[in-house]
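A.B. asks: Please see the structure below; I have some questions.
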Amino acid sequence: MPRGQPGTGDSPAPQGAFNRHPTQFHHVISSEPGARFAPEPGRYHLYVSLACPWAHRTLITRALKGLEDVIGVSVVNWLLEPGGWTFDPGEGVVPDPHEHVSALRELYELAGADPEARITVPVLWDTKHRTIVNNESSEIIRMLDGAFDAFARRPDLRLSPPELMDAIEAVNADVYDHVNNGVYKAGFARSQEAHDHAVERLFAQLDQLEARLSTSRWLAGDRFTEADVRLFTTLIRFDPVYHVHFKCSRRRILDYDNLWAYTREIAQVPEIRATIDLEHIRQHYYVSHTLLNPRKLVAALPDGFDLDAPHDRQRLGGSPVLPD
């Protein structure tokens, strides 16, 4: 679902509601003869923020598919300045090896983006044509899930299998609107009514997910899918950031037995753990959002936030994240 699009049948947003602007680049990598963007190892490059949940989706998909040697990655500084993301030196920053830009805005300019376009991550860049292929995370992860299978270490792993697509799309629609984007609707609301509206829907959805995960190991069948990737990147940020910073304070993920165990199981997969950087996450939100946090104080992690604690999710059956 495009970002900013309300869920089907949802009531109109109240005055002061946060509205996410749509992304601009939606090209597709395809093996069709004559395709402008054909899959080739080493040709494409990802630009991400380790703090950003949308970019995090692409890093997880890349890691699970085994595409680290096929698609390179550059990482911006966690501090989001008024002028946009930069590659200013800092812990975890990986400079741009292709265009050698100092700020992400320069890539958008090279690609001929609308001057008023929002400069967002992730960006999938084509080094051959020197342009942006796509900057919509939901579309990038679909491409990473299939377009590069000829070069992937795990070509048989499918995060969006055709037989589960109806279930995946149904989960994605609700999770995007009320959870992934819901925390932003709560945090960036410009009225109490809009904030309350978003919080009500966020926790109603979390309650439903808690119930679903009490009897099912995963969201869309008996295997880990794209739907789980998309929920996880919000859950891992919820207690460290959204609960406090975005005032999503009714409950923590720690307070949900099943959601918290589910989060731990996913976080304990080594390939996924390597993509999680809680320092980038916490520093980015608390320090960059000066309108919400003018003194730039970084909240402590809650007691009990132990991603390595046993999860016991295997009791529900189903496959592990990565098959043995």
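All of the numbers you see were taken from the coordinates with simple rules; none came from a lab. All figures in this text were calculated on a predicted structure; none of them were measured in a lab. So basically every Cβ, Gly included, is an ideal-geometry build from the backbone, and we count neighbours across all protein chains shown.
A.B. asks: Magnitude of the Cβ-charge dipole of region 162-316, K/R +1 and D/E -1, about the Cα centre, nearest 20 debye?
C.D. replies: 600
A.B. asks: Note the per residue figure in Å³ for the convex hull of the C-alpha positions in region 90-182.
C.D. replies: Dividing the Cα hull volume of region 90-182 by its residues yields 166 Å³.
A.B. asks: Then there is this: How big is region 105-234 along each principal axis, measuring the range of its Cα positions in Å and listing the largest first?
C.D. replies: 47, 44, 19
A.B. asks: Can you find, among PHE87, THR215, THR225, the residue sitting farthest towards the positive end of the charge dipole of the chain, where Lys and Arg contribute +1 and Asp and Glu -1 at Cβ?
C.D. replies: Of the options given, the answer is PHE87.
A.B. asks: Further, regarding this structure: Taking each pair of different alpha-carbon atoms in region 161-243 once, compute 1/r for the pair, average those values, and report the inverse of that mean as the Kirkwood hydrodynamic radius in Å to one decimal.
C.D. replies: Every distinct Cα pair counted, the radius reaches 13.3 Å.
A.B. asks: Can you give the convex hull volume of the alpha carbon atoms of region 162-316 per residue, in Å³?
C.D. replies: Hull volume normalised by residue count: 112 Å³.
A.B. asks: If you don't mind, there's one more thing I want to ask. When all C-alpha to C-alpha distances in region 259-324 are sorted into bins of 5 Å, what percent of pairs does each bin hold, rounded to whole numbers?
C.D. replies: Computed distribution, short to long bins: 3, 14, 19, 19, 14, 12, 9, 5, 3, 1.
A.B. asks: Work out how far the C-alpha atoms of region 44-146 reach from end to end along every principal axis, then list the three figures in whole Å, largest first.
C.D. replies: Extents along the principal axes, in whole Å: 34, 30, 22.
A.B. asks: Would you please report the Å³ per residue occupied by the convex hull of the alpha carbon atoms in the chain?
C.D. replies: 139
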